[in-house]
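Shown next, in C-alpha cells, is the structure this report addresses.
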Amino acid sequence: MGKVRGTGAKGSGPESVLAPNISPETATRERPQFLSLCPFFKPTSSLLLLHLTLSSLLDPSAVMITVSVKWQKEIFKEVEIDTTQSPYVFKCQLYDLTGVPPERQKIMVKGGLLKDDADWSTLGVKEGQKLMMMGTADEIVKSPEKGTVFVEDLPEEEQVVAVGHTAGLFNLGNTCYMNSTLQCLHSVPELKSSLIKYSHSGRNNDVDPSSHMLTIATRDLFNELDKSVKPVAPMQFWMVLRKKYPQFGQLHNGVFMQQDAEECWTQLLYTLSQSLRSPGSSENLDAVKAIFGIELISRIHCQESNEESSETESVYSLKCHISQEVNHLHEGIKHGLKSELEKASPALGRSATYLKESRINALPRYLTVQFVRFFWKRESNQKAKILRKVDYPLELDVYDFCSDDLRKKLDAPRQILRNEEGKKLGLKVNDTSSAQKENDVKMSDAEGSSNVDGEPSVVPMDEGKNLQRSATHLFSAGSEKETQMTGIYDLVAVLTHKGRSADSGHYVGWVKQENGKWIEFDDDNPKPRVEDDITRLSGGGDWHMAYIIMYKARVVSV
C-alpha cells in the first residue's frame, strides 16, 4: 500500500491512509482534474495523502523513491516521491511538512534548482538521497493582542483625535452668531494657550468682575470643546455674555433675537484683551493684541487748506468695503484703507473734508478681515445686506498694503520664504543671496542693542515695534530662533451669513483643522468639507457668504 511518511520536528500526520472504495476507472478519470486544481489551492495533509495513495494503487508503473530533506536545522526523513507525478506535487508535500509555500521553495538537484514541471527520470534522484531545500515559511497568523475597539468606546479625549475635529455647539435660541464666533476663535492655539494661563485668582485689578467672568467662561468652554465630540451647550458662557453685554439678551415676543456675529466677535476680543494683559510687566504685554492686533499708520490731508497730519491706531480687523467696482478681496481692502471724514479745520475756521489714507505698520499673527455687507437703509429704516459676490484667496499677500518701513522689514524674510518653497519644488536657489538676506534680518534686529543685556541703548521703541516684539515674545518663547513675518497669510477660518437681513438668517463657522481638513460647524452638527466648498462662500446669491474671514501668518525662522 502506498504511503507518505515524513518524520521530524514538524511531524506529518497518520502513518498510512486506506484508499476509498472506488473503481479504478473512476479514479483514473478524475486524477488529471485533481492535479489541475493543485496550483490554485493550498494543499492539506489529507488531500495529499489521498492523492498519492490513489496514484500508487491505480498506477502499476508508479515508482516510489524515499529521500530525506534538510531544511534549515531540521531533517525530514523517509519522504516519498512518486516519480509519475510532477515535482510540484512533491513540493506540496514539503509545504505540508515545513509551511514553506511551493513558490518559495528552492530544492537543489542535479543540474540546478528543481522546477515544477521537470521530469524525474532526467534528474537522477536516487533512493535514500539527501536533498537540500531553502525557503521561508509563512508566518503563523496570530490573534490580535487587543480586540477591536470602536470609536464610541474610546475615552472622549481620544475620540476627538480619532474623529479629527472637536465638538459642535447647541443653538440655545438664535445663538448661531455666538456659536460661529466661538468656533472660529477656538481654532487659534495661541489664544487658547493664553486663556489656559489665566487663573481665577490672577485677575488684574483693572479688570471688572463681568469681564473676568466672561474670560473664565471662554476658557472653560474652549477646554470642554477640546475634550468632547458630543455637542456642548454653552449655557454658562451665554449667561455671562448677556450680563456683560445686555444687547445680546434682547427679546422679541419672548424669544431671543438674532444678533450680529461681527459685534459679538469684536466685543469678545475687546474683553479678552483687557483680561489677558500680563500683570507686572514693564511692557504690559497684551496677548490678544499680539495675536490679532493690526497697527495702522494714517496720513490725514485736507485739500482745501493743505493741512496734513498723521496718526497711528491699533485695530483687530481690516474692512473690505463692497461697491460696484469691488470684485475681489484685494480691491475691497484697498478701498477700506481710504476714507473721507469731516472735522473742524483750524486753518479755515470751519468744518472741512479730510482724506484719510492708511497703511499697515505692524502685522498680526492672525489677520481678520470683515466684509462690510450690512448697511443702514434709510427708506426702510433697517439694516440691508449687500449680496454682491466678492472672491477671496486661500493665500493672501498684504505686502501692497504695508508702509514703506514695514516693507523693508519684510523683504528679507520673503526672500527666505521664496527660497524655502523653491527648494521644496526642486528649484535651484541662490544660497549666497539667501544667506546675505538672512544676515540682514539678524543685523536689523541687533540695531539699538549695544549693551551686554541686549537692552536698547537709544530711545524706547514706538508702539509698532512694541507690537511686533510682543508677538515675537509670545510665539518664539523657548526657541533659539525667532520668527519673522513675511506678509503672506493662509486662510484658516470663515464665518458666513445666510439670508438677506442682518436681523435674521443663519451664521455658520468654517474652520481649517490642524490636519489640513475643513469642518463646517453648523451649530451642533459639524460636517467635513473640501477647499472648493470654502471658495464658493464668496456671495452672489442666497447661499452662505463670507462675512468674517481669518488668515494665519506664514512665518520664517531666522
Pseudo-spin-label distance residue 220 to residue 428, built 7 Å along Cα→Cβ, given in nm, is 6.3
Distance in Å, no decimals, from the C-alpha centre of region 209-260 to the one of region 497-525 is 17
Computed D for region 229-301, Stokes-Einstein, Kirkwood radius over alpha-carbon pairs, 10 °C, 1.306 mPa s, to the nearest µm² per second, is 104
To the nearest 0.05, the calculated FRET efficiency linking residue 490 and residue 543 through their beta-carbon distance, R0 being 22 Å, is 0.40
Relative contact order in percent for region 276-386 (Cα pairs under 8 Å, 6+ apart) equals 29
So residue 106 and residue 119, fully extended at 0.36 nm per residue minus their Cα-Cα distance, gain in nm 3.0 nm
In this structure, the FRET efficiency calculated for residue 309 and residue 253 from their beta-carbon separation, with R0 = 51 Å, to the nearest 0.05, is 0.55
Expected sort for 527-534, 406-413, 365-372 on mean C-beta neighbours within 10 Å, highest first, is 365-372, 406-413, 527-534
One finds the C-alpha centres of region 360-432 and region 110-140 to be spaced, in Å, by 73
Mean Cβ-within-10 Å packing, highest first, puts peptides 334-341, 307-314 in the order 334-341, 307-314
By the mean-Cβ-within-10 Å protection proxy, highest first, 186-196, 91-101 rank as 91-101, 186-196
XL table 319/385; 244/383; 192/385; Cα-Cα > 22 Å flagged, in table order, is 244/383; 192/385
Given pairs 230/289; 334/408; 338/377; 377/512; 343/377 and cut-off 30 Å on Cα-Cα distance, the over-length ones are 230/289; 377/512
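No lab work stands behind these numbers, since they all come straight from the coordinates. Keep in mind that this is a model prediction, so the values were computed, not measured. All Cβ positions, glycine included, derive from the backbone under ideal geometry; neighbour counts span all protein chains shown.
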